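For reference, the structure is listed below as structure tokens.
The values are calculated or read from the model by the stated rules, or taken from the named source; none is laboratory data. Every value quoted in this text rests on a predicted model; they were computed, and no experiment measured them. Glycine gets a Cβ as well: all are built from the backbone with ideal geometry, and neighbour counts include every protein chain shown. Ligands, DNA and RNA are excluded from the accessible area calculation, which covers all protein heavy atoms including side chains. Shrake-Rupley method; radii C 1.70, N 1.55, O 1.52, S 1.80 Å.
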Amino acid sequence: MSDVGGDASLEELMAVMAHDLNNPIAALITNLSFLESALAPGTSAEAAEALSDAQMLCDVLRRLASNLDLVARRGGPQGAVTGFDVAQLGREAIGRLDKQAAAAEVELALDPSLQPGRVLVRCDRSLCGRAIENLIAFGIERAAPKSSVTLSATRAGDEVRVEVRYRARSHIVVEPPPPGAPAAQRRRYIQATYGRGLSLYCVRIAATLIGSRLDITHEDDGRARLCLVANRPEER
């Protein structure tokens, strides 16, 4: 038997792995949703909470598999360019991350000024959605408990700025490990820099693929702004 894998690049192998992971995760999400709808009246609060936690963890796994796919295709082609509403994309991302935010004692909010139809962009909708979801996920991870993570978007000329604002729980700066540092130390540094699931790194990948960039600002009052700047103008 020939070694087919030996002819494949690491990126191709990771893309296949991400695809294979998505199938059981999707099945788990479907089955858990069915169980939730079938809960009998009077089911204990502990059982309902355990089911909710399982749904949340499946959502985490779904995002991690999606990020694995992003890392694998960092130089690959994007999908079809379409026009869409940033407010709708933001609501979808918040819905997927709402349980994770609740577990972290963080409230997710859509800026009231971001009304439907007000901010439109043209790019790969899936990649833009994944970038926004990872922005919010990073904000949830870094935000102080009992605080909020707010998503907003504005348009100025040919630029669309999608911002996630939050109050950071700390200002600890993690120094890069020295050359030759143990692998475990490097892993801790990478996670401290990019977040769980390499969320911030994956924002950069998705932004690059849609012709955008990521700006990060830390304010003196402890607040942080993660801004996805889309440079593609809306089609006239």
*Qualifying position, being open to solvent by 90 Å² or more (accessible area, probe 1.4 Å) and among the aliphatic types (A, V, I, L, M), among LEU32, LEU10, LEU51*: LEU10
*Which members of region 137-177 meet the condition of being under 30 Å from ARG122 (Cβ atoms) and open to solvent by less than 20 Å² (accessible area, probe 1.4 Å)?*
ALA137, PHE138, GLY139, ILE140, VAL149, LEU151, SER152, ALA153, VAL160, VAL162, VAL164, TYR166
*Close pairs from region 87-99: first over 11 Å from CYS128 (Cβ atoms), partner surrounded by 16 or more Cβ atoms within 10 Å (Cβ to Cβ) and among the acidic types (Asp, Glu), Cβ under 7 Å, at least 6 apart*: ARG96/ASP59; ARG96/GLU133; LEU97/GLU133; LYS99/ASP59
*So which residues in region 103-131 are modelled with pLDDT under 95 and open to solvent by less than 20 Å² (accessible area, probe 1.4 Å)?*
LEU114, VAL119, VAL121, CYS123, ASP124, LEU127, CYS128, GLY129, ALA131
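Pick from region 13-28 the residues that are among the aliphatic types (A, V, I, L, M) and at pLDDT below 90: which of them is surrounded by the fewest Cβ atoms within 10 Å (Cβ to Cβ)?
From region 13-28, those among the aliphatic types (A, V, I, L, M) are 13-18, 21, 25-28; that's our starting set.
Remaining after also requiring at pLDDT below 90: 13-18.
Working: LEU13: 12, MET14: 17, ALA15: 19, VAL16: 14, MET17: 14, ALA18: 19.
Ranking the qualifying residues of region 13-28, first place goes to LEU13.
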*asked:* Being over 22 Å from the mean Cα position of the chain (by Cα) and either closer than 22 Å to GLY197 by Cβ or of a type outside the set (A, V, I, L, M, F, W, C) (or both): is that true of ASN31 here?
replied: yes
*Count, please, the residues in region 25-74 that happen to be of a type outside the set (Gly, Ala, Ser), over 30 Å from GLU11 (Cα atoms) and assigned to a helix (DSSP H, G or I).*
9
_Selected residue (criterion: surrounded by the fewest Cβ atoms within 10 Å (Cβ to Cβ)) from residues of region 73-89 that are modelled with pLDDT of 85 or more and of a type in the set (Gly, Ala, Ser)_ = GLY83
